[in-house]
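Everything on this sheet refers to the single structure shown next.
The values are calculated or read from the model by the stated rules, or taken from the named source; none is laboratory data. As the structure is a prediction and not an experimental result, all values here were calculated from the model. With ideal geometry, Cβ positions are generated from the backbone for all residues, glycine too; neighbour counts draw on all protein chains shown. These area figures cover heavy atoms from the full protein model, side chains too; ligands, DNA and RNA do not enter into them. Shrake-Rupley method; radii C 1.70, N 1.55, O 1.52, S 1.80 Å.
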Amino acid sequence: MTKSDTTIEIRDLYKIFGATPAKFVGAVKSGMSKAELGKDHGHILGLNNINISMPAGKIQVVMGLSGSGKSTLIRHINRLIEPTSGSIMIDGRNILEMPPLELRDFRRQHTAMVFQRFALLPHRTVIDNVTFGLEIRGVEKAKARESGMRWIERVGLQGFENRYPSELSGGMQQRVGLARALSNDASILLMDEAYSALDPLIRTDMQSMLLDLQAELKKTIVFITHDLDEALRLGDKIVILRDGSIIQQGNSQDILLNPADDYIQRFIKDVNRGRFLKVEAVMEALPATGLGSLPSVKSGTTLEVAAKELTASPHDSAIVADAAGKPLGLISLRQITAALSSAVEASAP
Amino acid sequence: MDWLFKFPQIDPDSLLAVKRLTDGSLRALTRNYGDAIENFFYPLQQVLIFFEDVMTGAPWPLVILVLAVIAWFAAHRWSVVSAVAGTLIAIGLIGLWNDAMKTISLVFTATIFSIAIGIPLGILMNRYKRVGRVMQSVLDVMQTMPPFVYLIPVVMLLGIGRVPGFIAVVIYAIPPIIRLTDLGIRLVDKEVLEAADAYGCSRSQKLWKVQIPLAMPTIMAGINQTIMMALGMVVIASMIGVQGLGLNVLQAIANQYFTQGIFNGFAIVGIAIIFDRISQAYGDRLQKHRGATHD
C-alpha cells in the first residue's frame with residue numbers, strides 16, 4: 001500500500017439551501033449575511049466562501065459545532081450534496097462537474113466514507129458489510145472476501161465476521177464501518193463524526209487505532225468532529241468552521257498559540273495545552289555557546305512530557321533536537337510554564 | 001323557498017341519457033369483444049383450474065405433509081407446524097376438505113398474483129412521486145368502493161366463474177401489498193441510503209441490495225394483509241360462481257342453515273390462521289437480526 005498523493009483543493013465553495021439558491025449566490029458573494037439571507041429571503045446559508053487545500057496523505061480535520069456546516073462540507077467532497085457554486089479539484093478533476101456515471105465510478109474507486117451512526121446493513125453479516133464496497137465495484141467474491149477478512153483482522157474483529165451488526169456494541173459496529181471503508185482501498189477516506197456516537201474511552205481507542213493505521217496507510221483523510229480534543233489529537237491540519245464560514249485554519253500549534261478570535265479562544269480555554277503543544281512550537285533559538293551538558297528532548301515531544309523530564313533532571317533547560325539528533329533550539333521550564341498558562345491569562349478579565 | 005328544500009339536480013333526462021350511453025357502450029363492448037376478452041383470460045383460467053386440480057386431486061396426507069413442511073421452513077418452530085397440521089385435520093373431519101382445498105387454491109393463486117404485480121407497483125410508486133400520487137387515489141377508490149359495484153362490469157364482460165372471481169379477489173386484496181412496499185422503502189434509514197450512494201451504488205444495486213432487503217419486514221406485513229383480505233373476499237366471490245367454502249356460506253345464508261354457516265366460517269378462519277402463522281413467522285425470522293441497535 002503506497003502513500004496517497006491525492007490532494008483535495010476546495011475553491012470558492014458556496015452552498016445555499018432553499019427554493020432558488022442560484023438567485024442569491026451573487027448577493028452572498030458580495031457580502032449578504034447568513035441572518036439577512038435567512039430572515040428576508042427564507043434561504044439558509046450552508047457554506048460561505050470555503051477555500052481549503054487538503055494535503056495528500058495527511059489527516060485534515062474540519063471542526064465546528066452543530067449547524068456550522070461541517071457535515072455539509074464533507075458531503076460535497078463525494079457530492080452527496082450538490083454545491084451552489086465553486087469547485088473541488090481532486091487529482092486534476094473537478095468533482096462538481098462530473099457527469100453521473102463518472103461520479104459513480106469516482107465514488108467507487110477513490111473515496112470511502114465512515115458515518116456517525118455507522119450506517120451498516122442490518123441484514124448482512126460483518127464480512128458481508130465489510131465487502132459491500134467491493135461487491136458494488138464488481139470484485140470477484142472470493143477475492144473480496146479475502147481482502148475483507150484482512151481488514152476485519154486489522155480492526156480487531158477476527159472471530160466476529162459471521163455476526164450481525166445488531167449483535168455488536170457501538171464501538172465494534174464502527175470498527176466494521178472503518179473496515180468497510182478501508183477494504184475499498186480508496187485514496188480518500190471521509191469520516192463524518194465517525195467517533196461522536198461512541199463512549200469517551202472507546203473513542204480514545206478508536207483514535208489511537210486510526211493514528212496507527214494512518215502511520216502505515218498514509219491516506220488523505222477528511223475527519224469531521226465537534227470535539228476540539230479529538231481535532232487536536234488527530235489533525236495534521238485543522239479547519240474551524242462557524243455558521244458556514246472558515247474562522248481559522250492551521251495545525252494544532254497555530255490554533256493553540258494564535259487563536260484567530262474570541263470564539264476560538266473560548267474553545268481552547270479548557271483544552272489541556274500540555275498534552276497538545278509541542279516543544280518546537282515554544283522553544284527559543286540556540287545560544288551560540290554554553291550548551292554544555294544540557295539534556296536533550298526530541299522535537300515533537302509534548303510540553304507535558306518535556307516538563308516531566310526536566311523536573312526529574314538537575315537542569316531547567318533542554319536542547320530540542322530533531323530525529324537525527326541535530327539541535328534545533330532551547331526549551332526551559334519557564335517557557336513551558338508560560339506557554340501552558342497563556343490561555344488562562346488571555347481569558348482573564 | 002322551494003329551491004332551498006329541493007336540491008337543484010341535473011335534468012333527469014340528461015342523467016338518463018348518460019346512464020343509457022354508459023351501459024349501452026359497455027354492453028356493446030361485451031357483445032363485440034366478449035370472446036376476445038375471454039380468450040385473453042383463457043391462460044389464467046387454465047392456471048386456476050390447474051391449481052385447483054392439484055389441491056383437490058392430491059391425496060390428503062400429502063397435502064398436509066407439504067403444508068407442514070412449508071410451515072417448518074418458514075417458521076422453524078414446531079408450534080407453527082402442529083397448528084397448521086391440526087387445523088387442516090379439523091377441517092377435514094367436519095367434511096369440508098374439498099371445499100377448503102378449492103378456497104386455498106384460489107387464495108394462493110390470488111396472493112401470488114398480487115405479490116407479483118403489487119411489489120413492482122409499490123416500487124414504481126416510491127420511485128416516481130407523480131405516479132405515487134395518482135396511485136394513492138386509485139388505491140383509495142379500490143379499498144372503499146363496495147366490491148359488488150366492480151363485480152357488475154367484471155361479470156358483464158366475463159360471465160360468472162373462476163376468472164371473474166379471481167379478478168374480484170385480486171382487486172380487493174392488492175392495495176395493502178402496494179402501499180406497504182412503498183412505505184417500507186420510504187422508511188429505510190436515510191444514513192444507510194447515503195452510505196449506498198457514497199460507495200457508488202447504481203440505482204438497481206441500491207434497490208436490490210439495500211432498499212428491498214431493509215423494507216422486507218414491512219413488505220411481509222403487506223403480504224400478510226393481502227392474504228387476509230383475499231380470504232375475506234371468498235364469500236362475496238362465491239356470488240359470481242367461485243366454488244369452495246364461500247359458496248357454502250352463501251347457501252347457509254340463503255337457507256338459514258346456521259350450523260353449516262358456522263362450520264364453513266370456522267374453516268375459513270382456520271385457513272386464515274394457517275396463512276397468517278406461516279407468513280408472520282417468516283417475517284419475524286427476517287427481522288431476527290435487526291433488533292436493538294446500540295447507539
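Quick look at the values:
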| quantity | calculated |
| --- | --- |
| When residues of region A:138-179 are limited to those that are surrounded by fewer than 16 Cβ atoms within 10 Å (Cβ to Cβ) and of a type in the set (Lys, Arg), the one farthest from A:Leu217 (Cα to Cα) | A:Lys141 |
| Pair list, Cβ under 6 Å, 6 or more apart: region A:177-204 residue more than 13 Å from A:Thr111 (Cβ to Cβ), other residue assigned to a strand (DSSP E or B) | A:Gly177/A:Val114; A:Leu178/A:Val114; A:Glu193/A:Ile224; A:Ala194/A:Val114 |
| Region A:27-57, residues that are more than 14 Å from A:Ile246 (Cα to Cα) and of a type in the set (Val, Ile, Thr) | A:Val28, A:Ile44 |
| Members of region B:29-54 that are of a type outside the set (A, V, I, L, M, F, W, C) and open to solvent by 70 Å² or more (accessible area, probe 1.4 Å) | B:Arg31, B:Asn32, B:Tyr33, B:Asp35, B:Glu38, B:Asn39, B:Tyr42, B:Pro43, B:Gln46, B:Asp53 |
| Filter result for A:Thr111 (within 11 Å of another protein chain (Cβ to nearest Cβ), under 30 Å from A:Thr204 (Cα atoms) and touching a Leu at 6+ places or on another chain (Cβ under 9 Å)) | yes |
| Checking A:Leu182 against (1) assigned to a loop (DSSP other than H, G, I, E, B); (2) open to solvent by less than 50 Å² (accessible area, probe 1.4 Å); (3) away from chain B (no Cβ under 12 Å), the condition it does not meet | (1) |
| Selection status of A:Gly31, without any contact (Cβ under 8 Å) to a residue 24 or more places away in the chain and either assigned by TED's automatic domain parsing to the domain that holds A:Leu217 or loosely packed, with under 13 Cβ neighbours inside 10 Å (or both) | yes |
| Selection from region B:1-26 of residues that are in contact (Cβ under 8 Å) with a residue 60 or more places away in the chain and loosely packed, with under 12 Cβ neighbours inside 10 Å | none |
| Cβ-Cβ under 8 Å pairs, at least 6 apart or on other chains, region A:308-325 side in contact (Cβ under 8 Å) with a residue 12 or more places away in the chain, far side assigned to a loop (DSSP other than H, G, I, E, B) and hydrophobic (A, V, I, L, M, F, W, C) | A:His315/A:Leu294; A:Ser317/A:Leu294; A:Ala318/A:Leu294; A:Ile319/A:Leu286; A:Ile319/A:Leu291; A:Ile319/A:Leu294; A:Val320/A:Met283 |
| Residue count for region A:188-208, restricted to those that are away from chain B (no Cβ under 12 Å) and open to solvent by 30 Å² or more (accessible area, probe 1.4 Å) | 6 |
| Residues that are open to solvent by less than 50 Å² (accessible area, probe 1.4 Å) and in a helix (DSSP H, G or I), drawn from region A:209-219 | A:Met209, A:Leu210, A:Leu213, A:Gln214, A:Leu217 |
| Members of region B:176-194 that are of a type in the set (A, V, I, L, M) and closer than 30 Å to A:Ile77 by Cβ | B:Ile185, B:Leu187, B:Val188, B:Val192, B:Leu193 |
| Given (1) over 16 Å from the mean Cα position of the chain (by Cα); (2) open to solvent by 40 Å² or more (accessible area, probe 1.4 Å), number of the condition B:Gly159 does not satisfy | (2) |
| Residue tally, condition over 31 Å from the mean Cα position of the chain (by Cα), of a type in the set (A, V, I, L, M, F, W, C) and under 20 Å from A:Ser68 (Cβ atoms), over region A:25-39 | 0 |
| Counted residues, region A:317-326 - those being within 20 Å of A:Ala288 (Cβ to Cβ) and open to solvent by 60 Å² or more (accessible area, probe 1.4 Å) | 1 |
| In region A:228-257, the residues that are touching a residue at least 60 places away in the same chain (Cβ under 8 Å) and assigned to a loop (DSSP other than H, G, I, E, B) | A:Gly235, A:Asp236, A:Asp243, A:Gly244 |
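Table: residues versus (1) open to solvent by 40 Å² or more (accessible area, probe 1.4 Å); (2) within 24 Å of A:Ile268 (Cα to Cα); (3) modelled with pLDDT under 90.
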site: A:Leu37; (1), (2), (3): no, no, yes
site: A:His41; (1), (2), (3): yes, no, yes
site: A:Leu47; (1), (2), (3): no, yes, no
site: A:Asn51; (1), (2), (3): yes, yes, no
site: A:Ala56; (1), (2), (3): no, no, no
site: A:Gly67; (1), (2), (3): yes, yes, yes
site: A:His76; (1), (2), (3): no, no, no
site: A:Arg79; (1), (2), (3): no, no, no
site: A:Ile90; (1), (2), (3): no, no, no
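Table: residues versus (1) in contact with a Pro (Cβ under 7 Å, 6 or more places away or on another chain); (2) not small (Gly, Ala, Ser).
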| site | (1), (2) |
| --- | --- |
| A:Arg104 | no, yes |
| A:His123 | yes, yes |
| A:Gly133 | no, no |
| A:Ile136 | no, yes |
| A:Val139 | no, yes |
| A:Arg154 | no, yes |
| A:Leu157 | no, yes |
| A:Leu168 | no, yes |
| A:Asp185 | no, yes |
